[in-house]
Amino acid sequence: MTESFPPGFLWGTATAAYQIEGAVREDGRTPSIWDTFARTPGKVLGGDTGEIAVDHYHRWRDDIRMMADLGLTAYRFSVSWPRVQPTGRGPVVQRGLDFYRALTDELLAHGIRPSLTLYHWDLPQELEDAGGWPARDTAYRFAEYAGQVAGALGDRIDLWTTLNEPWCSAFLGYGSGVHAPGRTDPVAALRAAHHLNLAHGLGTQALRAALPARAQTGIALNPSAVRPLTLSPQDADAQRRIDALANRAFTGPILKGAYPQDLFADTARLTDWSFVDAGDESTIHQRLDFLGINYYAPTVVSAAPPGPDPRRDGHGASAHSPWPGAEDVAFHQPPGELTAMEWSVDPTGLYDLLLRYTREAPGVALMITENGAAYDDKPGTDGTVHDPDRIRYLHAHLATVRRAIDAGADVSGYFLWSLMDNFEWSYGYSKRFGAVYVDYETQQRTPKSSAEWYARLARTGVLPEAPAA
Ligand code: FCB
């Protein structure tokens, strides 16, 4: 089996605005739901916030030079909505757009292809105050913002992603409350999921209206590779229910133009879904140029056994479930190696998802918009940072991508999460996902050995060996 990737394959890293930019009060930016949430005591580990983050808003030129030195050919970043349209409605702030314009031009000058994500979780607080994602109007506000950003940057960016992981926005933001805005209302979470889908549909229409024909648009989902603990019919049903909420609630309308009937049945005691208007599902069903897949680890579920709750779904502790109508499903830690997030190292889930969406989205290119791992990296006495565990994780997952391509998956690129250590949401700065180490006191960047390894792959298109365990 060849370990080389197709010519033109995109090799990038990914980041998100709130996780790296800092400068939360500069140049007209207003608070997003993540500013508010992170400042609320008890919501983020250690009381960390994105106020300074890794100061990318001021260090972007150096960060791009670092990417260029590593030989990376693509970069996925997100635009901070409240930096560009502070109230979430009406005219844009040019200073906000200028930042992303300059960033893009610098990337292009270094031969790095920009890939822009419009929404990576930082809703303008004003829109949350007006109802947030459970309110239908937020979808229309998103489409307006999408059109504005496309109008401003469409001449220089040709890869556009509407939303990042709408499952997290809806179910962690409004269900379990471990993400901003921290609400814990199962019906609000289902409404949010629908309005995020609608935002994707309306946003895609707005993008296509403003972008040149060569531009490609898509969405980045975090589909779950859900597995049953046993072969019992009860566990199979637990798998079906989580698959409906995690996956088909999004891919149903996006890829097929219809919500799955079993999702309606499973949640019938909570809502009749009358918030889905006639025509919404076809609005959501827009042609995709690519489907972004964010993958970290598979999910193992069972029907809940009697006794203490073994819930462990990897998304942070909460007394509230992120699974409306499936609150009784139990989540299990698969045996084997774990990352610092306590997520298992198991690339077979990625293989399954790539082949699943090859079948379910024929003709749509797949892009791995995120994949990576957190480890407790520390500089050695000589200042270098060795992270062989991360190299092994990346190697295993990329060898799997290669196998999926051989089996017929049309995968066009891979974005390592993340370029550098950053604000890991409710875990604050305690989890390091970067290929580049950041000293949060001095903001000094040090490429880890995984960055050098990944750079070699990006330059040659051939998977380098990983160090032995
Ligand atoms: C994903 C997020 C990304 C990062 C990784 C670890 O769910 O999209 O921002 O936090 O997880």
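The values are calculated or read from the model by the stated rules, or taken from the named source; none is laboratory data. No experiment lies behind these values; they were computed from the predicted model shown. All Cβ positions, glycine included, derive from the backbone under ideal geometry; neighbour counts span all protein chains shown.
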Any residue in segment 453-469 that is under 12 Å from TYR393 (Cβ atoms) sitting within a Cβ distance under 8 Å of a residue that is aromatic (Phe, Trp, Tyr) and modelled with pLDDT of 95 or more? List the pairs, counting only those 6 or more apart or interchain. TYR454/TRP11; ALA466/TRP453
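Let's see how each residue does on (1) buried (at least 21 other Cβ atoms within 10 Å of the Cβ); (2) hydrophobic (A, V, I, L, M, F, W, C); (3) at pLDDT below 95; (4) away from the ligand (no atom under 15 Å from the Cβ):
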{"position": "VAL401", "(1), (2), (3), (4)": "yes, yes, no, yes"}
{"position": "VAL411", "(1), (2), (3), (4)": "yes, yes, no, yes"}
{"position": "TYR437", "(1), (2), (3), (4)": "yes, no, no, yes"}
{"position": "GLN443", "(1), (2), (3), (4)": "no, no, no, yes"}
{"position": "THR446", "(1), (2), (3), (4)": "no, no, no, yes"}
{"position": "TYR454", "(1), (2), (3), (4)": "yes, no, no, yes"}
{"position": "ALA469", "(1), (2), (3), (4)": "no, yes, yes, yes"}
Which of the residues belonging to segment 113-134 are in contact with a helix residue (DSSP H, G or I) (Cβ under 7 Å, 6 or more places away or on another chain) and touching a residue at least 60 places away in the same chain (Cβ under 8 Å)? LEU118, TYR119, HIS120, TRP121, ASP122, LEU123, PRO124, GLN125, GLU128, GLY132, TRP133, PRO134
Which residue out of THR162, THR184 is away from the ligand (no atom under 15 Å from the Cβ) and of a type in the set (Ser, Thr, Tyr)? THR184
Here is a list: GLN239, GLN234, GLN205. Which entry is over 17 Å from PRO166 (Cα atoms), surrounded by fewer than 19 Cβ atoms within 10 Å (Cβ to Cβ) and out of contact with any helix residue (DSSP H, G or I) (no Cβ under 9 Å at 6 or more places or on another chain)? GLN234
Got a sec? Which of GLY50, GLY12 is under 26 Å from GLY173 (Cα atoms) and at pLDDT 95 or above? GLY50
Can you pull out the residues in segment 265-291 that are surrounded by fewer than 21 Cβ atoms within 10 Å (Cβ to Cβ) and farther than 22 Å from ILE219 by Cβ? ALA265, ASP266, ALA268, ARG269, LEU270, THR271, ASP272, SER274, ALA278
Does ARG312 satisfy the criteria of being among the basic types (Lys, Arg) and modelled with pLDDT of 95 or more? no
Run ALA17 past the list (1) under 23 Å from LEU103 (Cα atoms); (2) more than 16 Å from the ligand (Cβ to nearest atom) and report the number of the one that doesn't hold. (2)
If you take the residues of segment 130-147 that are among the hydrophobic types (A, V, I, L, M, F, W, C) and over 21 Å from the mean Cα position of the chain (by Cα), which of them is farthest from ALA278 (Cα to Cα)? ALA130
Restricting to segment 170-181, give me the number of residues that are near the ligand (Cβ under 10 Å from one of its atoms) and either under 17 Å from TRP81 (Cβ atoms) or of a type in the set (Asp, Glu) (or both). 1
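Looking at GLY201, is it of a type outside the set (A, V, I, L, M, F, W, C), modelled with pLDDT of 95 or more and within 16 Å of the ligand (Cβ to nearest atom)?
no
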Keeping to segment 6-49, report how many residues are within 30 Å of HIS110 (Cα to Cα), among the charged types (D, E, K, R) and more than 17 Å from the chain's Cα centre (by Cα). 4
Considering only residues that are within 16 Å of the ligand (Cβ to nearest atom) and out of contact with any helix residue (DSSP H, G or I) (no Cβ under 8 Å at 6 or more places or on another chain), which ones fall in segment 332-345? LEU338, ALA340, GLU342, TRP343, SER344
Mind telling me which of the residues ALA189, ALA213 ends up being free of Cβ contacts under 8 Å to residues at least 12 places away in the same chain and of a type in the set (Gly, Ala, Ser)? ALA213
Please report, ordered by residue number, the helices (runs of 4 or more DSSP H) entirely within segment 1-117 with at least 3 residues that are over 19 Å from ASP155 (Cβ atoms). 17-20, 33-38, 56-70, 81-84
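Of the residues MET1, MET67, only one is at pLDDT below 95 and away from the ligand (no atom under 16 Å from the Cβ); which?
It is MET1.
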When every residue in segment 227-262 that is over 18 Å from the mean Cα position of the chain (by Cα) and among the β-branched types (Val, Ile, Thr) is compared, the one modelled with the lowest pLDDT is THR230
Subset of segment 20-52 (residues that are among the polar types (S, T, N, Q) and either within 16 Å of the ligand (Cβ to nearest atom) or under 30 Å from VAL411 (Cα atoms) (or both)): SER32, THR49
